Amino acid sequence: MSLIECKNLSLGYDGHEIAKNLNLSVNSGDYLCIVGENGSGKTTFMKTLLGLNPLISGEIKFGDGLKRSEIGYLPQQTAVQRDFPASVFEIVISGFCGSMGLKPFYSKAQKAQAQINIEKMGISHIKDRCYRELSGGQQQRVLLARALCATKKLILLDEPVSGLDSNATAEMYSIVKRLNSEDNITVIMISHDISAAVSYATHILHIGASCFFGTKEDYIKNQNTTSLEVAENE
Amino acid sequence: MSESLNQLYTYLQFPFVRYALIVGVLIAFCSSLLGVTLVLKRFSFIGDGLSHVAFGAMAVAGVVGLTNDMPLVLFITTISAILLLRTGTNAKIKGDAAVAMISVGALAVGYLLMNVFSKSSNVSGDVCTTLFGSTSILTLNKTKVWLCVVLSVIVVAVFIIFYNKIFALTFDENFARATGTRVSAYNLMIAVIIASVIVLAMNLVGSLLISALVIFPALSSMRVFKTFKSVTVCSAIVSVFCALSGILISIIISTPVGSTIVLVDILVFFGFWLVGNFKVRSAK
Ligand SMILES: Nc1ncnc2c1ncn2[C@@H]1O[C@H](COP(=O)(O)OP(=O)(O)OP(=O)(O)O)[C@@H](O)[C@H]1O
Ligand SMILES: [Mg+2]
């Protein structure tokens, strides 16, 4: 059984449809990239998967005993107030909150893991700084470290490299790749960087006027034929 | 100096002074713990809003002809607080606007009802009661003090046990929900706690003071401290200090208790504001 299965899914807000007829299944260990134009509904799709947004019709099934508390999430935008007092460490460790159930405090192991994730993201030097005084790219890394704390099986990333410089972007991709291959965490990532998507992902979901879901190889083939058709028409 | 200390010592012999100190400090402590979350969630004015709801409820009770309006008032205010707070960040109408709507609406309806079905001629007196507390903090009896102690213990225990959840929820509710935290349940729990503290405090010390106790310590500490934990700890200390010194000062120079506490809070806020500015300057 696959980790996530979507059948005839249609997405939108307040009954207004944005994308429809999405059919896909994500297996454990997959690396799925979601591509599409601005406003095509990629974020909406991710929020629907996460249960933050009600779906209009169709169904989403979680398999393999996947629980919400085993999912990590990096939002595209976090509306944090300008004056919110919170240190980097406090935010990163709050990623464990969902998996603690009713336990009130973080364990030693969780604190150590948070520290490891902070080091992974290269932000240990700003660990005690105030989140709201960091740059956009630094904030992005903090939120990714938090997502790493939350996940055991599946991580959803909404444009993780937006706002990162080219070094950090390459680093981010290799971190995500390693999560996928070494820690065997399933990755679902939204990206505008098609070349990176094609080189790292195993599957591609294209949301737009025409939706595509399939393996990377099929996607490349499909693209080649469509661009050939375009070339022939010209 | 020793003269006023002597005088203070004499006053402390009176049980009502001790009661006032205990209740004042406890309410200040609880509301400052909750204040950080309330201010960050844009619910700073919830104390004021709820007092107007209480006023409206009193009007309704008066019209219906209830002799003991307390249970109805408590019930309606608690329900409104829960309705306001329960929805969390994803509400269509957010914090301040929702509080303003409920507060103005309840005030208008209450005043209208009182005018149309006027039984008590002392409308402005009733309004005053809701603003400054129906029982003065200096006329508390033992039962009320115990009620306050029990509630405070519960509030502090819940706050400590759920501290990490409260942080996660206040910082990023959507992330918490997406990663399996039972956000609605926690929001409801926090709402119930806040509602009971505010409703109790409103009765004991009045809504004016409770608003100040929610807002000032949190804002003061946020001038200087930058982590959630330090802000919470600091605002609890600030709040207790201000309540304690406010009550003592008001006893010694016989000024109104609530206003004196608020005044001390304002002074402390200025102090923190200066320190905060100084910190920013010297960091540059
Ligand atoms: N809260 C909302 N209420 C109503 N409509 C919304 C809401 N959020 C987004 N939309 C609409 O849904 C559509 C899809 O938005 P979405 O955020 O999913 O796009 P996206 O594919 O993630 O775009 P981008 O690449 O810019 O991130 C847009 O047309 C947008 O206007
Ligand atoms: Mg998006």
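The values are calculated or read from the model by the stated rules, or taken from the named source; none is laboratory data. Computed from a prediction, not measured in an experiment: that's the story for all the values here. FYI the Cβ positions are ideal-geometry reconstructions off the backbone, even for glycines, and counts take in every protein chain you see. These area figures cover heavy atoms from the full protein model, side chains too; ligands, DNA and RNA do not enter into them. Shrake-Rupley method; radii C 1.70, N 1.55, O 1.52, S 1.80 Å.
A few notes on this one:
- Screening the range A:39-61 for residues that are under 28 Å from A:ILE91 (Cβ atoms) and more than 12 Å from every other protein chain (Cβ to nearest Cβ) and picking the one that is farthest from ligand 1 (Cβ to nearest atom) gives A:PHE45.
- Some residue of the range A:94-102 being at negative phi, more than 7 Å from chain B (Cβ to nearest Cβ) and surrounded by fewer than 19 Cβ atoms within 10 Å (Cβ to Cβ): yes
- Of everything listed in (1) touching a Lys or Arg at 6+ places or on another chain (Cβ under 9 Å); (2) crowded, with 16+ Cβ neighbours inside 10 Å; (3) farther than 23 Å from B:LEU219 by Cβ, the single unmet condition for A:ILE91 is (3).
- Selection within the range B:146-158 - touching a residue at least 12 places away in the same chain (Cβ under 8 Å) and either within 14 Å of chain A (Cβ to nearest Cβ) or buried (at least 18 other Cβ atoms within 10 Å of the Cβ) (or both): B:CYS148, B:LEU151, B:SER152, B:VAL155, B:VAL156, B:VAL158
- Whichever residue in the range A:149-172 is at pLDDT below 90, away from ligand 1 (no atom under 16 Å from the Cβ) and open to solvent by less than 20 Å² (accessible area, probe 1.4 Å) and, among such residues, is farthest from the other protein chains (Cβ to nearest Cβ): A:ALA168
- Count - residues of the range B:159-178 that are open to solvent by 20 Å² or more (accessible area, probe 1.4 Å) and acidic (Asp, Glu): 0
- Flag if A:LEU134 is of a type in the set (A, V, I, L, M, F, W, C) and open to solvent by 40 Å² or more (accessible area, probe 1.4 Å): no
- Condition met for A:LEU50 (of a type outside the set (Gly, Ala, Ser), within 16 Å of ligand 2 (Cβ to nearest atom) and in contact (Cβ under 8 Å) with a residue 40 or more places away in the chain): yes
- Counted residues, the range A:62-93 - those being facing chain B (nearest Cβ under 7 Å), under 20 Å from A:LEU154 (Cβ atoms) and at pLDDT below 90: 5
- Counting only helices (runs of 4 or more DSSP H) that fall entirely inside the range B:1-104 and contain at least 1 residues that are open to solvent by 30 Å² or more (accessible area, probe 1.4 Å) and modelled with pLDDT of 85 or more, the qualifying elements are B:15-40, B:70-86.
- Failed criterion for A:VAL26 (all others in (1) under 30 Å from A:ILE91 (Cβ atoms); (2) at pLDDT below 90; (3) more than 14 Å from chain B (Cβ to nearest Cβ); (4) away from ligand 1 (no atom under 11 Å from the Cβ) hold): (2)
- Residue within the range A:40-61 that is modelled with pLDDT of 90 or more and in contact with a His (Cβ under 7 Å, 6 or more places away or on another chain) present: no
- Filtered residue count, the range A:89-104, keeping only those that are charged (D, E, K, R) and under 11 Å from A:ILE118 (Cα atoms): 0
- If the condition is being within 14 Å of chain B (Cβ to nearest Cβ) and within 23 Å of A:VAL161 (Cα to Cα), then the range A:118-139 contributes A:ILE126, A:LYS127, A:ARG129, A:CYS130, A:TYR131, A:ARG132, A:GLU133, A:LEU134, A:GLN139.
- Counting only residues that are assigned to a strand (DSSP E or B) and either within 16 Å of ligand 1 (Cβ to nearest atom) or within 14 Å of chain B (Cβ to nearest Cβ) (or both), the range A:5-20 holds 11 of them.
- Members of the range A:195-222 found to be touching a residue at least 24 places away in the same chain (Cβ under 8 Å), part of a loop (DSSP other than H, G, I, E, B), more than 13 Å from ligand 1 (Cβ to nearest atom) and open to solvent by 10 Å² or more (accessible area, probe 1.4 Å), listed by number: A:THR202
- Take the conditions (1) crowded, with 22+ Cβ neighbours inside 10 Å; (2) within 15 Å of ligand 2 (Cβ to nearest atom); A:HIS192 misses just one of them, which is (1).
- Within the range A:29-38, being near ligand 1 (Cβ under 10 Å from one of its atoms), touching a residue at least 12 places away in the same chain (Cβ under 8 Å) and open to solvent by 10 Å² or more (accessible area, probe 1.4 Å) holds for A:GLY36, A:GLU37.
- Residues of the range B:159-180 that are among the polar types (S, T, N, Q), at the interface with chain A (Cβ under 7 Å from one of its Cβ atoms) and more than 12 Å from A:TYR73 (Cβ to Cβ): B:ASN164 alone.
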